[in-house]
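The values are calculated or read from the model by the stated rules, or taken from the named source; none is laboratory data. This structure is a prediction, so every number in the text was calculated from the model and none was measured. Using ideal geometry, Cβ is built from the backbone for each residue, glycine included, and neighbour counts are taken over all protein chains shown. Surface accessibility is based on the protein's heavy atoms, side chains included, excluding ligands, DNA and RNA. Shrake-Rupley method; radii C 1.70, N 1.55, O 1.52, S 1.80 Å.
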Amino acid sequence: MVSKDEIKHLAWLARLDLSEEELLKYESQIDRIIQHFDILDGLTLDILEPTYFTKSVRNLRLDQAKDFGENVLPKTRNRKDGYLKGPKSDVKQ
Amino acid sequence: MSRLYDLSIDEVTDGIRNQHFSAEEYVSQILERISKRDVDIKAFVSVNTDDAIESARRIDSKIRKGEKVGHLAGITVGIKDNISTKGLRTTCASRVLTDYVPPYDATVIRKLKECDAIIIGKLNLDEFAMGSTTEFSNFGPTRNPWNLEYVTGGSSGGSAAAVAAAECTASLGSDTGGSVRCPASFCSVIGFKPTYGSVSRYGLIAYSNSLEQIGPIARTVSDVIRLMNVISGVDPNDDTTRTVASPYSVEVTRNRLRVALLTNLTVNAQPEVSKCIYSAMDTLSSAGCICEEITLDSLEYALASYYVIAMAEASSNLARYDNIRYGFNLDPEGYEWNSYFAKVRGNFGDEVKRRIIVGTYILSSGYYGRYYLKAQKVRALLRREFKSLYSKYDVIIGPTMPILPFRIGEKIGDPIKIYYTDIDTVVSNLTGMPAISIPAGFSNGLPIGLQIMSDEFQEQKIFDAALLFERTAKIQVRTPL
């Protein structure tokens, strides 16, 4: 059973603000979704190697900078002194 | 010239090249069609009017001067709004990407432009391609051209509806668990999910990157093939791409195909859907194919495995949206780092939030082995079993969707009911194998799609079967409106 507090914690891990109403709704929905995944929990497939990708990455290209020209993201709103402005990083939690 | 908007790719390019009509005349008719039909259908989220007319005039001028033009010159292609288009807003139908204008073209867009195809606009989708109805869009739902009260399917609902309503020559969608094939089936057009690794994902805004492929939607099988011949192939910007056996033939190369009907898919389908698929099998038999029925027990694990993987990948792929470089207006001044991100990310829509939370749960320690690892093993199992089936059969068929299109709003309150509609399509994404949806008939005026699947990089076998079926069954594709 996935509780409301667990959903609150998961939402915090994913950095998602949820309203009280959303928490209530997700509590019942998410538990039902996970129950449908329980069909996998009972499976024994020990002999099989998992397939994470059907095509693996083989020849990574060189990590070269590419010039997209000036003002790449003209719609960016929050700027200061030629930089993008973000929130302060001193964590108070 | 009347009804130019109905024409196929070949008819458009021949007509323009031989100056029976100009590219500008054609594009103007398409734009007029959009302004007339899209008020009701709501397939487009942005129309590229000025740029499209300018491109058409450039093509006409080249032709008048006797200069060479690209082999798709003048066709209008609509693009799902999660594929990056330089200078043209790309929103993923999300508040979180409001006003995002990509500084580069996706590889598929670059390739289309190099052939002088015209990008006519951007098409509606479920937010970040998460959904099967196009109802989870920040712009509101697209309506099914066959009956405006019904869903188009999704997530590429705009891409399928625009093609069905002849608002563009063809379109591109993306298919993570059926998102090209489902709306193609519900709107009675042709939608193709290529082998994973045959079309570059560079510029496709990622949702579940181990499953998704960009694929074409059109009104004829040969139009789908022509688009595949342009968009597929190796791209240094997507290292999972591989050399493909293109160009694919638009003529049938083999008609004695070994066909297997996967009865797991018909047993659980609505009776009218099942009946239609059996009749499609008879059609293929009459066209020279050798048809049998088969079952596959491990298929029952496909849907859960698909959703585990897709949601886990969604939660990590969508971690990047922080509203700093693009997004809506919220000044970060005065906010603490974590609380700002949580606040802006609260603006994801309902379904996206649900998937991020479930994905975060699945990837938490303690649950990883129970769900995620098992899902990846089921993927290995399904690949092994389908590989073995394809040593005996050329193609496997079944319904694309287990049910007929349903009314807008009918299932939106119950996410699990919507997830279950993907039950027949997800397996091809898990195995990385190609699959097409092609119109197979109607029930009460609502479309039914036949799904044809094959082994990795065996797209020609699917195209052969689809071409055979198309010319034998003769199902109406475009809406009568």
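A compact table of results
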item: Averaged over B:358-367, number of beta-carbon atoms from partner chains that fall within 10 Å; result: 4
item: Surface/4 estimate of mean projected area, convex hull on alpha-carbon atoms of chain A, nm²; result: 12.8 nm²
item: Positive-end extreme of charge dipole, the protein assembly as shown - chosen from B:ALA117, B:GLN213, B:ALA162 (charges on Cβ); result: B:ALA117
item: Over chain B: helical MRE at 222 nm, DSSP H runs n ≥ 4 each giving -39500 (n - 2.57), nearest 500; result: -11500 deg cm²/dmol
item: Area of B:THR243 that stays accessible when all protein chains are in place (1.4 Å probe, Å², to 10); result: 120 Å²
item: A:GLN35/A:ARG61 FRET efficiency (R0 41 Å; Cβ-Cβ; nearest 0.05); result: 0.45
item: Filtered trypsin sites (Lys or Arg not before Pro), region B:386-477: DSSP coil and at most 11 other beta carbons within 10 Å; result: B:LYS392, B:LYS474
item: Ratio Rg/Rh [Cα only; Rh per Kirkwood] for the protein assembly as shown; result: 0.96
item: Per residue, the convex hull volume that the Cα atoms of region A:1-42 enclose (Å³); result: 66 Å³
item: Sites A:ASP46 and B:LEU389, calculated FRET efficiency, Cβ-Cβ separation with R0 30 Å, nearest 0.05; result: 0.80
item: Ordering of B:228-237, B:286-295, A:78-87, B:427-436 by burial proxy (mean other Cβ atoms within 10 Å per residue, highest first); result: B:427-436, B:228-237, B:286-295, A:78-87
item: Length-normalised contact order of chain B in % [C-alpha pairs under 8 Å, at least 6 apart]; result: 18 percent
item: Sequence-separation-based contact order of region B:44-191, relative, with Cα cut under 8 Å and 6+ spacing, percent; result: 23 percent
item: Cα centroid separation, region A:7-84 to region B:42-67 (Å); result: 37 Å
item: Cβ-Cβ FRET estimate between B:ARG17 and B:PHE442, R0 fixed at 35 Å, reported to 0.05; result: 0.45
item: For the pair B and A, total buried accessible area rounded to nearest 100 Å², probe 1.4 Å; result: 6400 Å²
item: For chain A: relative contact order, % (alpha-carbon pairs under 8 angstrom, 6 or more apart); result: 18 percent
item: Debye, to nearest 20: dipole size of region B:238-283, +1 on Lys, Arg Cβ, -1 on Asp, Glu Cβ; result: 260 debye
item: Protein accessible area in region B:391-435, 1.4 Å probe - carbon and sulfur %; result: 54 percent
item: Hz values of 3J(HN,Hα) by residue in region B:365-371 - Karplus curve (6.51, -1.76, 1.60), Gly and Pro given as x; result: 5, x, 9, 3, x, 6, 10
item: Compactness relative to 2.2 N^0.38 Å, alpha carbon Rg of region B:1-67; result: 1.17
item: Reciprocal mean inverse distance between Cα atoms of region B:144-215 - Kirkwood radius, Å; result: 12.2 Å
item: Whole-number D in µm²/s for region A:49-93 (Stokes-Einstein; Kirkwood sum over Cα pairs; 37 °C, 0.692 mPa s); result: 207 µm²/s
item: Shielding by partners - mean other protein chain Cβ count within 10 Å, residues of B:414-425; result: 1
item: Pairs from A:LYS25/B:LYS193; A:LYS4/B:LYS411; B:LYS392/B:LYS417; B:LYS417/B:LYS474 whose Cα-Cα separation, in the structure shown, is over 26 Å; result: A:LYS25/B:LYS193; B:LYS392/B:LYS417; B:LYS417/B:LYS474
item: Within chain B, percent of DSSP bridges classed antiparallel, to nearest 5; result: 65 percent
item: Lys/Arg +1, Asp/Glu -1 at C-beta; chain B dipole; positive extreme among B:ALA106, B:SER339, B:SER428; result: B:SER428
item: Average projection area in nm² (convex hull over Cα atoms of region B:87-215, one quarter of hull surface); result: 7.3 nm²
item: Charge dipole (debye, nearest 20) of the protein assembly as shown; +1 at Cβ of Lys and Arg, -1 at Cβ of Asp and Glu; result: 840 debye
item: Positive-pole candidate from B:ALA43, B:GLN270, B:SER364, dipole of the protein assembly as shown, charges at beta carbon; result: B:ALA43
item: For region B:111-153, the Rg and Dmax computed from alpha carbons only, in angstrom; result: 13.4, 39
item: Reference-scaled alpha-carbon Rg (2.2 N^0.38 Å with N residues) for region B:206-330; result: 1.47
item: Percent of alpha-carbon pairs separated by more than 42 Å within chain B; result: 12 percent
item: Debye, to nearest 20: dipole size of region A:1-42, +1 on Lys, Arg Cβ, -1 on Asp, Glu Cβ; result: 80 debye
item: Dimensions (Å) - region B:134-275, Cα atoms, principal axes, largest first; result: 43, 43, 29
item: Antiparallel DSSP beta bridges within the protein assembly as shown, percent to nearest 5; result: 65 percent
